[in-house]
Amino acid sequence: MDFNVKKLAADAGTFLSRAVQFTEEKFGQAEKTELDAHLENLLAKAETTKLWTDKIMKQTEVLLQPNPNARIEEFVYEKLDRKAPSRLNNQEQLSQYMMDAGNEFGPGTAYGNALIKCGETQKRIGGAHRELVQTGAINFLTPLRNFIEGDYKTISRERKLLQNKRLDLDAAKTRLKKARVAEARASVLPDFQSAEPRNYVLNSVCVCIVFNAAQMWTDEVTRAEQEVRITQSEFDRQAEITRLLLEGISSTHAHHLRCLNDFVEAQMTYYAQCYQYMLDLQKQLGSFPSTFASNNNQSPLTTMQSVSLPSISASAPLPAASNSVVTSGFSELKAASGNRKARVLYDYDAANSSELSLLADEVITVYSVLGMDSDWLMGERGNQKGKVPITYLELVN
């Protein structure tokens with residue numbers, strides 16, 4: 001193996017010089033070149049972005065896959081560049097148990113039939129959750145991971161290089177400072193005059209030695225000044241490269257914001273699907289004969305039959321569940337041909353030109369239109385008109 005001894009020695013010398021400079025700075029024995037405030041702020045912003053991106057990414061992985069063993073297995077397969085084996089998620093596993101139990105008890109029995117229907121619904125929810133996991137991984141987790149494993153690693157590498165260039169610069173400044181002090185001391189000639197004639201030759205030799213030493217330190221100062229100029233130039237160039245990379249953090253925030261919107265939309269779709277699936281299941285379970293439900297006054301079927309839940313359009317966001325969705329006032333309004341005043345409970349952004357955007361706490365006029373979906377009314381605000389979701393309204397007496 002061919003070793004470059006000179007390069008190895010130079011690298012060792014540079015490393016030692018940096019180590020000495022770093023140690024002296026820690027003990028307050030050497031001056032340190034400070035970065036400008038703008039660059040310091042960019043470095044702090046990058047560090048904060050990395051910290052919270054890493055936490056959000058890991059917690060999102062926990063949310064989408066609660067099983068830690070499954071997460072570890074998926075991580076190993078990903079590192080091996082292999083596809084992880086398909087497995088049932090929690091909802092699909094529950095679905096399998098319910099359907100097996102329903103078939104065991106008998107599909108003709110009320111309990112067996114209910115278990116089968118619940119199992120089918122859990123299977124649909126499991127499929128929706130699988131879509132959420134896939135969408136979240138592609139549209140949200142992957143961009144965050146790319147930043148941590150790609151962009152931020154590049155920033156860290158350039159930042160470390162900037163630190164090394166800064167140590168080289170400060171070490172060169174320290175050598176220049178020491179060389180100037182030594183030069184100043186050597187330039188002061190001591191008094192070698194003696195009354196003894198036999199010492200004149202000795203005095204002359206001493207003067208020559210001192211002069212040569214002064215000249216040596218002058219040359220050392222010249223070399224040190226040249227080294228400072230070179231290291232200053234390299235430091236400035238690396239600082240500019242690092243600054244340009246760090247200024248890209250703002251673009252990273254904008255990109256992650258778009259990814260976050262995609263993830264929220266995927267969650268909204270998932271929860272709307274789950275609500276609709278459970279609403280359909282509640283209607284199916286509520287259709288069982290009352291004689292079965294009467295066997296136990298506290299049974300879940302009796303409770304579910306006594307609850308009136310609204311239907312909801314999958315295209316409309318779901319408001320808080322604490323508000324009544326379909327009241328008797330809305331039913332009367334749909335049956336009549338008049339109009340009523342309604343207060344808006346939540347902000348609503350129209351999905352298309354046929355809908356009307358809403359602001360919380362404003363009062364609008366609403367009325368029913370023949371053939372319109374049961375979850376919507378026609379709303380008016382001045383000259384503006386469009387469909388509005390009932391779930392966002394409260395009739396004003």
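Output the peptides 383-390, 36-43 sorted from most to least packed, where packing is the average of other Cβ atoms within 10 Å over each peptide's residues. Display every interim value, and only then the final one.
On the way: 383-390: 17.2, 36-43: 13.6.
Descending mean neighbour count gives 383-390, 36-43.
Placing a pseudo-label 7 Å from each Cα along the Cα-to-Cβ vector at A254 and F15 gives an inter-label distance of 4.3 nm.
Across region 15-39, the residues whose backbone nitrogen lies under 18 Å from the label position 7 Å along the beta-carbon direction of K177 are 17-35.
How big is the equivalent ellipsoid of region 98-156 along its three axes, where each semi-axis is √(5λ) from the Cα gyration tensor, reported in whole Å from largest to smallest?
Numbers: eigenvalues 424, 14, 5 Å².
Taking √(5λ) for each Cα gyration eigenvalue gives 46, 8, 5 Å.
Peptides 359-369, 274-284 ranked from most to least packed give 274-284, 359-369, packing being the mean of other C-beta atoms within 10 angstrom over each peptide's residues.
Suppose the chain between A360 and I138 were pulled fully straight at 0.36 nm per residue; how much longer would it get relative to their current alpha carbon spacing? Working it through step by step, the gained length comes to 76.5 nm. By a 1.4 Å probe calculation restricted to protein chains, T135 has an accessible surface near 50 Å², given to the nearest 10. Of K153, K26, K45, K165, the residue with the largest accessible area leads and the full order is K26, K153, K45, K165 (1.4 Å probe). Place a label point 7 angstrom from the Cα of V62 along the Cα-to-Cβ direction, then list the residues of region 112-132 whose backbone nitrogen is under 16 Å away. Those under the cut-off are none; the list is empty. Per-residue extension of 0.36 nm, minus the Cα-Cα distance of V369 and D81, leaves a gain of 98.0 nm for this segment.
Rounded to the nearest 0.05, the FRET efficiency derived from the C-beta distance between E104 and M268 at R0 = 35 Å is 0.40.
The values are calculated or read from the model by the stated rules, or taken from the named source; none is laboratory data. On a predicted model such as this, the values are computed, not experimentally measured, just so you know. Neighbour counts run over all protein chains shown; Cβ positions are idealised from the backbone, glycine included. Just so you know, the surface numbers come from the protein's heavy atoms only, side chains and all, with ligands and any DNA or RNA stripped out. Shrake-Rupley method; radii C 1.70, N 1.55, O 1.52, S 1.80 Å.
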